[in-house]
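J.: Pasting in a structure now, in structure tokens, and then I'll have a few things to ask.
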Amino acid sequence: NLHVIFYLAPTFYGLTGLGTGGSEQQVTYSRLICTPVPAGECNPKNFQQQADDPSLYAGEDWGYLRTTAEELRQTVLQQKDEILTDQRTIRELTGKLSECESGLKGRRVPERSAGLGDARKENKEQLMMRDDAGSSMRTAQRRMKDLEGELKRKIKLLEEERKALQKETQKHQEHIDYGLDTVHQRISSLEKGEAEVGFTNKFPEGYRLSFPVRSTSMYATVKQEIPALHTLTACMWIKPAKSILGTVASYAVSDQSHEFVLQQLVHGPIELIINNEVAPLPLNLTVGRWQHMCVSWNRRAGAWHAYLGGKLKLEGSDLATRHSIRPGGTLILGQEQSSVGGLRFEASRAMVGELSEFNMWDRLLSHMELSALARCSTGMLGNVVPWTSREVEVFGGVTKQPADHCEHRTSVRQ
């Protein structure tokens, strides 16, 4: 048995190898040498001897082959060294790269990540704290608004309750004042012995009402019921104590507090008011002297007349035309009513002076009748409101005294 050993001579042709410095280098093969080796005699040491045996290369240039093989061997060794150097460089670079990567992962990246994580965590906590603070502030603001609204509602309720209580207190005060005036008048009547039964005998010539000062408590009521009136005439004797007379008479019904009013207020003339419509009466009244005055009104064309001393002084029309004085009201002397039977008067509108012979008729009086009343030549009483003691009740210090308005007339006639 034979083993065939192929010995490759260290010369090549047609191959490209990596030379020193990384440049390309071409090498060539010279030939392929085949040497038969008997079995069991394969000895690597003999390979070199066989290669150096010139007999194997009969007819060839031994020197050329040897030189070429040597060059090839040196080239291979040189490439091997370069490869080893490159491998060491690669390993060093790989190690440094690994070290850098491990350093970034182990030290820098974790620290940065930790730093970023802590910063993010801190920022998140700050944001959460800000959100909590903002939410608490908004909640507090909403609560404040709710409390403010509730406080306003309670204040409004308290104000309404206060107004209702004030109104109720005012009503009670009016009733109390009325009761006190009634008691005072009863006591005064009993003390003075002015019983209605004997009053006619005490004042055979009639009586007069005295309003000494302007007061909210001084007034007189006419108990006679007033019917519906299409025409009226009111006459009276007046003795003013001041230049401003005040309110002589005030008749009020449920729908109108100024159904019929005769008054003189500050800086104004005497006024005749029908259904809250006004007719001015610029009459000159003398302070401290008795004077006879009459007024008349007719719903037809609203015609009205004013008389002083039995003589016509003023007249006009269009005063509450086609209106009728409504029945069932309250007639008060000496005060202006703000409502039916209203007992809360104003002192500035109260009468100050004396009043007598206040009579009302449901017709127009003739000139002869008016003149007779002004001369005290007749004792004619009104068919709507007669001047009798039974029909007039006084309150608050108003007094009834013997009439003296016709004394000067009597002396003149004598």
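Nothing in this text is a laboratory measurement; each read-out follows from the coordinates by a stated rule. These numbers come from a predicted model, not from an experiment. Cβ: placed from backbone, ideal geometry, glycine included. Neighbour counts: every protein chain shown.
J.: For the ranges 249-261, 379-391, what's the packing order if you count other beta-carbon atoms within 10 Å of each residue, average per peptide, and put the highest first?
T.: Put in order of decreasing packing, that is 249-261, 379-391.
J.: When N is the residue count of segment 255-414, what does its C-alpha Rg come to as a fraction of 2.2 N^0.38 Å?
T.: Rg over 2.2 N^0.38 Å, computed on Cα atoms: 1.06.
J.: A follow-up question, please. Just to be sure I understand the model, the point goes 7 Å from the Cα along the line to the Cβ. What's the resulting Q87 to A301 distance in nm?
T.: 15.0 nm
J.: Filter K239/K313; K223/K400; K163/K223; K223/K311 down to the pairs with a C-alpha to C-alpha distance above 23 Å, please.
T.: K163/K223; K223/K311
J.: Would you work out the charge dipole size for segment 207-405 about its Cα centre, treating the Cβ of every Lys and Arg as +1 and the Cβ of every Asp and Glu as -1, and quote it to the nearest 20 debye?
T.: Approximately 300 debye in magnitude.
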